[in-house]
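The values are calculated or read from the model by the stated rules, or taken from the named source; none is laboratory data. Since this is a predicted model, take the numbers as computed values, not measurements. Cβ coordinates were reconstructed from backbone atoms using ideal geometry, including for glycine residues, and neighbour counts include every protein chain displayed. Note: accessible area is taken over every heavy atom of the protein model, side chains too, but ligands, DNA and RNA are not part of it. Shrake-Rupley method; radii C 1.70, N 1.55, O 1.52, S 1.80 Å.
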Amino acid sequence: MTQAWRAIAKRGGSRDELIGAQQALGDAGQRREDRLDAWLEQTIVSLGQALDRVAAVIVIVAGIKCDVIRTDWGELQKVAVKALKNGRGQGLRQGVLADVGTSGRERQNALLSDVLKPEDHGPEDWLSWLIAQRNTMVHRAPRMSLIQMVGTRARPTGVINPLPSQPDWVGTRAMIDAGKAGTMSSMFLVSTPQTVLEGLRGSMCTFLDQLLKETLYLWGARRSDPRLIVQPGDSWQPVPKSGTLSFPGYGKPASMVTKEIAVHPSMGRRLRAARLMDYQVHLWEA
């Protein structure tokens, strides 16, 4: 597209010719656009998944009383905000955290304080933007997209599909604000999508690295002194409490041979830790 636009610009072509060049990409060009969309969505969704999974690790290691299976990053943030108030009116149910003034609570607060410091690892609102973009991609209809020429009209150097500046706004609100500002560019980030994604990845990596270092520090302290924080027993729901589905799938059953299951050593350690080996599984019946 860049080459076509450059040739059109060189001969002083019209705006309609530039639009026509974009439409003339054909099936191969459309497949390329679809792949770009898929890469963008999976990058954003994967970064969001990382937050939710680390949230589960933190509530377990910190001994926070909650339903681990249903806890996500948003719930962890709410607990962190309330925990750091340290007063009786903090809004947390009794027993969610260790008692105020104890060493266990101090260790919990040290970890939860890092949860509320994402901007130490990137520009203002980078994490809020990421979460809003993830939620919009997963739960909402696609936003209006824009193909933007990069460089100058006389010498274009490329084209991009800029990302929205306010991803949680509906399209009508974004367009109304753009109209008030007098420019459509206010609807989009000025950075190229690749630069934004690389920046988000870097910010997320350093942010999670800090959180997991503090998590490992607390885990080591708890192993040295198990009385530091008493693990709440009801963070995991009883096995029979889950409903049983009767969905049979589709088509004829596949003929599978399952006499043995080979797993990686790390998976073996996880299975033993969860008490799922043949000689352990009876413990779940207690």
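Placing 103, 255 in order of accessible area, with the largest value first and a 1.4 Å probe, yields 255, 103. Of 26, 243, 13, the residue with the greatest mean-square motion in the GNM of the chain, using alpha carbon springs below 10 Å, is 243. Of the trypsin sites (Lys or Arg not before Pro) found in the range 27-85, the ones in coil according to DSSP and having at most 14 other Cβ atoms within 10 Å of their Cβ are 85. Between residue 159 and residue 37, the modelled labels are 1.5 nm apart [label points 7 Å from Cα along Cα→Cβ].
The accessible area of residue 256, taken with all protein chains in place and a 1.4 Å probe, comes to roughly 150 Å². Between the residues 154, 208, 176, the greatest Cα displacement towards the positive end of the dipole of the range 140-211, with unit charges on the Cβ of Lys, Arg, Asp and Glu, is found for 154.
Axis of helix 193-224 versus longest Cα principal axis of the chain: the two differ by about 10°, to the nearest ten degrees. Give the angle, between 0 and 90 degrees and rounded to the nearest 10, that separates the Cα long axis of helix 126-139 from the longest principal axis of the Cα atoms of the chain. It is inclined by approximately 80 degrees. Of the listed values [x] 23.6; [y] 18.0; [z] 20.2, grab the one calculated as Kirkwood radius over Cα pairs in Å from the structure here. Of the listed options [x] 23.6; [y] 18.0; [z] 20.2, [x] comes from this structure.
In the range 256-283, whose amide N lies under 19 Å from the spot 7 Å out along Cα-to-Cβ of residue 219? List them in ranges. Counting only backbone N, you get 264-276. With the chain treated as a Gaussian network of Cα nodes joined by springs under 10 Å, which of 270, 11, 93 yields the largest mean-square fluctuation? Most flexible of the set in this elastic network: 270. Distances between placed amide hydrogens fall under 5 Å for residue 151 paired with 157, all partners being 5 or more residues away or on another chain. Working from Cα pairs under 8 Å separated by at least six residues, relative contact order for the chain is 21 percent. Take the chain and mark each of the GluC sites (Glu not before Pro) that is in a DSSP loop with at most 13 other Cβ atoms within 10 Å; the longest unmarked stretch, sites excluded, is 125-259. Rank 71, 206, 157 by mean-square fluctuation in a GNM of the chain with C-alpha springs under 10 angstrom and give only the top-ranked residue. In the Gaussian network model the winner is 157. Pairs of Lys residues in the chain are counted when their Cα atoms are under 27 angstrom apart and they lie 8 or more places apart or on different chains; the count is 14. Straightening the chain between residue 145 and residue 236 buys 28.4 nm, computed as 0.36 nm per residue apart minus the Cα-Cα spacing. Which FRET efficiency value, to the nearest 0.05, do you get for residue 255 and residue 277 by plugging their Cβ-Cβ distance into 1/(1 + (r/R0)^6) with R0 = 30 Å? For R0 = 30 Å, the calculated efficiency reads 0.65.
What's the longest bit of the chain with no exposed chymotrypsin sites (Phe, Trp or Tyr not before Pro), using DSSP loop states and at most 15 other Cβ atoms within 10 Å as the test? Counting only loop sites that pass the neighbour cut-off, the longest clear stretch is 1-235.
Taken along the Cα-to-beta-carbon direction at a fixed 7 Å, the label points for residue 15 and residue 85 span 5.4 nm. Relative to the longest principal axis of the Cα atoms of the chain, the long axis of helix 73-83 makes an angle of roughly 60 degrees. Dipole of the range 1-150 computed with +1 at Lys/Arg Cβ and -1 at Asp/Glu Cβ about the Cα centre; of 84, 113, 18, farthest Cα towards the positive end is 84.
Each of residue 246 and residue 2 was given a label point 7 Å from its Cα along the Cα-to-Cβ line. The distance between the two points is 5.9 nm.
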